[in-house]
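For reference, the structure discussed in these notes is given below.
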Amino acid sequence: MEDTVAVTAHRIRTMEVRGAGRIARAGADALRDFATAYSSTELEPFLDDLKKASETLLASRPTAVSLWNAVHASTKAAFGASSFDEARDSVIRDATDFSERSSKAVDAIARIGAKRISDGDVVMTHCNSSAALGVIKEAHRQGKDFKVFATESRPWRQGIFTVRELAEAGVDVTLIIDSAVRTVMRDVDEVFVGADTVTSHGALVNKVGTSQLALAAHEARSRFYVCSETYKFSPMTVLGDMVTIEERDVSEVVAPGEIPDSVKVYNPVFDSTPARYIDAIITEVGMISPGSVYDIMVRQLGDGIFKE
Ligand code: RI2
């Protein structure tokens, strides 16, 4: 059943599974399946294999801390267990619990964030965040009349998924290319984006281009909201660790032979938005300021969600 883990890691690496929340749930689900199907009943080999499975998942994509939090929430108790049954049962229980909490968190964020959209508003979103789209779809479900601009989000063009999803939900949505953000921003009331990682000092790491939306929103005096489950908060940043910004292959930007071989291509997938450009972070435990991230994280650590 290690194969399940390898297959999930491959699906995350190749972006068949995308979005920090979905990546985290896929990781937890793979560990649950790994534990459920484990064939031997010896504790030590199980823990060795669990460690390898965790490392395989964590190596798949480096930036979204949601995956790290999912793996640790799912495996922490097992490493303190005194029998195979206790270890295996804890992985199954904690991984299942993580996935359920994760889905509920997205729903709670939708309910909280939808209150920030009023009739007649113009909203902008970037990339394809299930948390941000949850907010927009919930506001629409409540009967609010508003328009959405969605960025294309090069190079993967996740904006295509976003506009399809919003159109299917009946939302009035307009696709724009990434370079049109500042032109459109003057008409925008609120921006809703997702999060891959939020640092202890309230900076947002999200799809590349997010910081440009934030700067343009700041200039246009539009509100800039981050929709983030608290498992996107990074415990490692409390200890001063930097967030690794993933760089992906050149082939995602240009086709083979399209440009001279001497031309270098730089393809960072995420960028960092300083806390001062963020009006609020909408989480499942409420709407908070970027300055509250540390306190929430410490509370969550105490709650056992991100126990090390
Ligand atoms: P949800 C995505 O990363 C985007 O950056 C998006 O804003 C973020 O994850 C959060 O997505 P990628 O996997 O968890 O597309 O809100 O690189 O779905």
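Bear in mind these aren't lab numbers, they're just calculated from the coordinates by the rules spelled out. Being a predicted model, the structure only gives us computed values, none of them experimental. Methodologically, a virtual Cβ is constructed for each residue, glycine included, from the backbone with ideal geometry; neighbour enumeration extends over all protein chains shown.
Over region 8-93, the reciprocal of the mean inverse Cα-Cα separation, the Kirkwood hydrodynamic radius, stands at 12.8 Å. Computed over the alpha-carbon pairs of region 54-200, the distance histogram in 10 Å steps reads 11, 32, 28, 18, 9, 2, 0 percent, short to long. Under a 10 Å cutoff between Cα atoms, tell me which one of Val193, Val71, Val163 has the largest fluctuation in the Gaussian network model of the chain. Result for the chain, Cα springs under 10 Å: Val163 fluctuates most. Relative to the longest principal axis of the chain, what angle (0 to 90°, nearest 10) does the C-alpha long axis of helix 210-220 take? Orientation of helix 210-220: about 30 degrees from the principal axis. Selection among Ser74, Gly27, Ser102 by position relative to the dipole of region 1-117 gives Ser102 as farthest towards the positive end (Cβ unit charges, Cα centre). The charge dipole of region 2-106, taken about its Cα centre with unit charges on the Cβ atoms of Lys, Arg (+1), Asp and Glu (-1) only, comes to about 700 debye.
Taking R0 as 45 Å, what FRET efficiency do you get between Lys52 and Ser262 from their Cβ-Cβ distance, rounded to the nearest 0.05? Mind dumping the intermediate values first?
Values: r = 41 Å, r/R0 = 0.91.
About 0.65, to the nearest 0.05.
For region 172-259, the normalised intensity computed at q = 0.13, 0.23 Å⁻¹ comes to -0.58, -1.13 (log10 of I(q)/I(0), Debye sum over alpha carbons, equal scatterers, no solvent). Relative to the globular-protein estimate of 2.2 N^0.38 Å, the Cα radius of gyration of region 115-306 stands at 1.06.
For the chain, the number of Lys pairs with C-alpha atoms closer than 17 Å, counting only pairs eight or more positions apart or on separate chains, is 12. For Ser82 and Ala169, what is the calculated FRET efficiency with R₀ set at 45 Å and r taken between the beta-carbons, to the nearest 0.05? So the FRET efficiency works out to roughly 0.35.
Are there trypsin sites (Lys or Arg not before Pro) in region 145-196 that DSSP marks as loop and that have at most 13 other Cβ atoms within 10 Å, and which are they?
On the way: sites: Lys147, Arg157, Arg164, Arg182, Arg186; in loops: Arg157, Arg186.
Hits after loop and neighbour filter: Arg186.
What is the helix-to-structure angle for 130-141, meaning the angle in degrees between its Cα long axis and the longest Cα principal axis of the chain, kept from 0 to 90 and rounded to the nearest 10? It works out to around 60 degrees. Bridge orientation summary for the chain: considering DSSP beta bridges with both residues in this region, about 35 percent are antiparallel.
Using just the alpha carbons, could you tell me how many Å³ per residue the convex hull of region 75-147 encloses? Show your work: numbers first, answer last.
Values: hull volume 6.8 nm³, N = 73.
Here the figure is 93 Å³ per residue.
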